[in-house]
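Following: one structure in C-alpha cells, then a few remarks.
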Amino acid sequence: MTSTATSKPDILMIDPMPDDITQRLADHFTLHRYRGMDALGPVASSIRGVTTGGGAGLKPEIMAALPHLEIISVNGVGTDQIDLVEAKRRGIRVATTQGVLDDDVADMAIGLMIDVMRGISANDRFVRAGHWGKLPVPNSHALTGKKVGIVGFGQIGSIIAERADALRMAVAYYARHRKDGVSYPYFDSIVALADHVDVLILAVPGTPETRNMVNRAVIDALGPNGYLINIARGSVVDEPELVAALTEKRIAGAGLDVFVDEPHVPEALLALDNVVLQAHRGTSTVEVRTAMGHLVIDNLLAQFAGKPLLTPVI
Ligand code: NAP
C-alpha cells in the first residue's frame, strides 16, 4: 500500500513564502527548501515542481539539475529570470500569479512618486535628525497638474494611470502598441514621452528588448525637473547613467523598487536625499502575498491533477 506521504509530489521551494502558505504547500506536497546545489543533489531527481519568486527566478544550473521537472510556479509575474525557451523545449509548464497583484504594485509606484516629489522620506530623516526648528523646513514639489508618462501600459501600467488620473495629473503613455479604447495620449517613442512629462513611471517587463531602455537620451529628455519611478525591473534602466544623473542633479529624483543586481543597491544612491529606495516590495502586502501564495499552490495542484493551469505562461 502506498502511503499518502510518499504519493505527494516533490516540490522545491527557492524563495521563502509566508508561513501559512508554506504550511499549505507542505500539506499537499513533499517540500524541499533550496539550500544550494550540493544539498539539492540527493533529492534532485525526485523534484517535479518548483516554486520561486519573479525576481529570483530559476537559475539555469538548477533547472538543468532537475530531470523530472514538470512545472515552475512563479510567485510573481516577471519571468525574465527563467529560461522560457529551455522550459518549453523540455515541456516544463510555467505559471505566474498574474491578476492578483496589479493594484498593490500600482500603489507602490504612486507611493514612490508621492514620496520622492513631496520629500516624505527625506523629511522623515530631517525630523529624526533633530533639524526641525533649527534649519529651514525644505519645500517639495506638487503633483496636481503635473504630467506623468507611463512606460508599458499593461495590467499594472493601466492601473497606475487610473490612480495618477485621480490625483489630477495628466497621463500619457508609451508601449509597443497604441491601446484600443484608451484616451490618454500615446507616444511612439520613450524619448518623446520623457521629453513631454514631469514624471516617468516604468511598468514594462524585463526583456532583452527593454534592457537599458532608460538610457542617457531618455534621462536627458526627462531633464533636471523630471522624476523617474521604477517598479518594473532594474535591467530596464542603465543604472550607472541614472546614478550619475541623480548625483549631478541632471534629473530631480527617483523612486526605485527594483535594481540591476538585487539585493545590491549602488552605494552612491544611499547618500542621496532625492532618491527613495525600496527592497523590491511592490507585491509585499499580507493580502497580496497570501493571494499569490494560494495561486502558486493552485497551479501546482492543477498540474498534478492533470487539469489546465489557472494562470499559465507556457
Ligand atoms: P503586462 O500586462 O504584460 O504589460 C506590459 C506592458 O509593457 C505592455 O503594455 C507592453 O506593450 C509593454 N512592453 C513590453 N515590451 C515592451 C517593449 N519592448 N517596448 C515598449 N513596451 C513594451 O505586464 P504587467 O503585469 O503590467 O507587469 C509589468 C512588469 O512589472 C512585469 O513584467 C514585472 O517585471 C514588473 N513587476 C514588478 C513588481 C514589483 O514588485 N516591483 C511586481 C509585479 C510586476 P504592448 O502591450 O504594446 O505589447
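Translational diffusion of the chain, estimated by Stokes-Einstein from the Kirkwood radius over alpha carbon pairs at 10 °C in a medium of 1.306 mPa s, is 76 µm² per second. Entry note, region 205-270: relative contact order of 37 percent, from Cα contacts under 8 Å with a spacing of 6+ residues. Entry note, the chain: the mean residue ellipticity at 222 nm calculated from DSSP H runs of n ≥ 4, each adding -39500 (n - 2.57), is -10000 deg cm²/dmol after division by the residues and rounding to the nearest 500. Among L246, L143, the ranking by other beta carbons within 10 Å of each residue's beta carbon, starting with the fewest, stands as L143, L246. Multiplying the residue separation of H294 and Q155 by 0.36 nm and subtracting their alpha-carbon distance yields 48.0 nm. Counted by neighbouring Cβ atoms within 10 Å, the residues K134, K88 run from fewest to most as K134, K88.
Under the combined filter of DSSP loop state and at most 10 neighbouring Cβ atoms within 10 Å, region 196-255 retains these GluC sites (Glu not before Pro): E209, E248.
Extension gain, K8-E262: 0.36 nm per intervening residue step, less the Cα-Cα distance, totals 88.1 nm. Short-range pairs are left out: with C-alpha atoms under 8 Å and at least six residues apart, the relative contact order of region 179-291 is 22 percent. In the chain, a dipole from Cβ-located charges (positive for Lys and Arg, negative for Asp and Glu) runs towards its positive end, and of L301, G119, A271 it is L301 whose Cα lies farthest in that direction. For Y186 and R33, the FRET efficiency from 1/(1 + (r/R0)^6), where r spans their Cβ atoms and R0 equals 51 Å, is about 0.65. Our note on the geometry: Cα centres of region 109-153 and region 50-83, 37 Å apart.
Take every Cα pair under 8 Å whose residues are at least 6 apart in sequence, average their separation, divide by the length of the chain, and the relative contact order is 17 percent. Only helices reaching 18 angstrom along their own axis (Cα) with mean Kyte-Doolittle hydropathy no lower than -0.5 count here, and for the DSSP H runs of the chain these are 102-118, 286-304. Among the listed pairs K59/K179; K147/K179; K59/K249, those whose Cα-Cα separation exceeds 28 Å are K59/K179; K59/K249. Placing +1 on each Lys and Arg Cβ and -1 on each Asp and Glu Cβ, with no other charges, gives the chain a dipole about its Cα centre of roughly 200 debye.
The calculated FRET efficiency for the pair D165 and E209, based on their C-beta separation and a Förster distance of 41 Å, comes to about 0.90. In terms of other Cβ atoms within 10 Å, R48, R216 run from fewest to most in the order R216, R48. Listed by chain and number, the aspartates and glutamates placed with their C-alpha closer than 16 angstrom to that of K146 are D115, E162, D165, D195, D198; residues fewer than eight positions away on the same chain are left out.
I'd like the FRET efficiency for I114 and D20, computed as 1/(1 + (r/R0)^6) with the beta carbon distance as r and R0 of 25 Å, rounded to 0.05. Rounded to the nearest 0.05, the efficiency is 0.20.
No lab work stands behind these numbers, since they all come straight from the coordinates. Keep in mind the model is a prediction, meaning the values are calculated, not measured. Counting neighbours? That spans all protein chains shown, and the Cβs are built from the backbone with ideal geometry, glycine included.
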